[in-house]
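Report on the following structure.
The values are calculated or read from the model by the stated rules, or taken from the named source; none is laboratory data. Treat the numbers as computed from the prediction; the structure is a model and nothing was measured. For neighbour counting, all protein chains shown are included, and Cβ atoms are generated from backbone atoms with ideal geometry for every residue, glycine included. The protein model used for the area step is the full one, side chains on, heavy atoms only, and it has no ligands, DNA or RNA in it. Shrake-Rupley method; radii C 1.70, N 1.55, O 1.52, S 1.80 Å.
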Amino acid sequence: MPVRLMSRSSATRPYKWLAEYYEKVFTLHHEWFEAVHAKLLAPVMPKVSVACDLCCGTGATAVHLARQGIRTYAVDLSPGMCRATRAKAREAGVRVRVSRGDMREFTLPEPVDLITSECDAINHLPEAGDLPRVAAAVAAALRPGGWFFFDVNNRAAFDTVWQLNWWIDRGDVSVAMEGGSEGDRAWTDVHWFIREGGLWRRYEERVEEVCWPASEIKDVLRGAGFDRIRCWDAAPLLNNPMTRPGYRTFYLARKAKQ
């Protein structure tokens, strides 16, 4: 298999077609993650009045939080994802304050009680060494005692699921995905086939990820000022046959109260 390493320019390019057609092609995980919230976040939610969904994608988690009466912010690097989140919030009849930002250096208008970053969003960093910047930015945005909830793909997923090729057909939108990985890096070349009138147009987009061992993630969180760190293997929590033990981990970390 030819090896194609991640380039900083491609990894930091905001997703265009993924943002526009994500909800049409990838939808099953929304119910899975709401179920995970109910199990893992239940102990902290009574203390959450202000929250932020970091790398919000098309806004499912942000809207879910806002529906609970939580003042909600949403941040994403992709203008298309920001537009999708605003549209979803309008459709749901809730207010979500959406802004475009980089997870390594975002800021919020006020301290928040909870920051979520889901669907392996943190794996999308262009370099593994960027993780401390994210942890520092999250810590700066949280109030003392606030919580950071996120999930990551692990090396086991890179070595198996990311090696597969996929075909998804949604009528007027179809997707062919060609995956691969090497070490702590994985990629999927996404080939979009979109019906435009009587023609089909083909567009290309690449999704790239990096991963870290659990020990490094915990060290980075402690270095950023988090003093309580819990983690769970995702396999028992997600009703997904493709998520096997070791593939994905959920983390919940508390910023020290000091």
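Brief remarks follow.
- Global form of segment 9-131, assessed from the alpha-carbon gyration tensor, a/c cut-off 1.5: rounded
- Computed packing ranks the peptides 213-221, 150-158, 197-205 as 150-158, 213-221, 197-205, most packed first, by mean other Cβ atoms within 10 Å.
- Accessible solvent surface per residue of segment 77-160, calculated while the other protein chains remain in place, 1.4 angstrom probe, Å²: 39 Å²
- Per residue, segment 169-258 exposes an accessible area of 50 Å² to a 1.4 Å probe, with every protein chain left in place.
- Between amide H atoms placed 1.01 Å from N, distances below 5 Å from residue 116 occur with 52, 53, 54, 149, all of them 5 or more places distant or on a separate chain.
- Taking 0.36 nm per residue of sequence separation and removing the Cα-Cα distance, the residue 165/residue 216 pair yields an extension gain of 15.4 nm.
- Protection-proxy order for peptides 167-173, 70-76, each taking the mean of Cβ atoms within 10 Å per residue, highest first: 70-76, 167-173
- Partner lysines for residue 47 [C-alpha distance under 17 Å; skip if fewer than 8 residues away on the same chain]: 39, 255, 257
- Taking all C-alpha pairs of the chain, those more than 35 Å from each other amount to 11 percent.
- Segment 106-254 - percent of accessible surface contributed by carbon and sulfur, probe 1.4 Å: 52 percent
- Folded to 0 to 90 degrees: helix 131-141 orientation relative to the chain principal axis, Cα: 50 degrees
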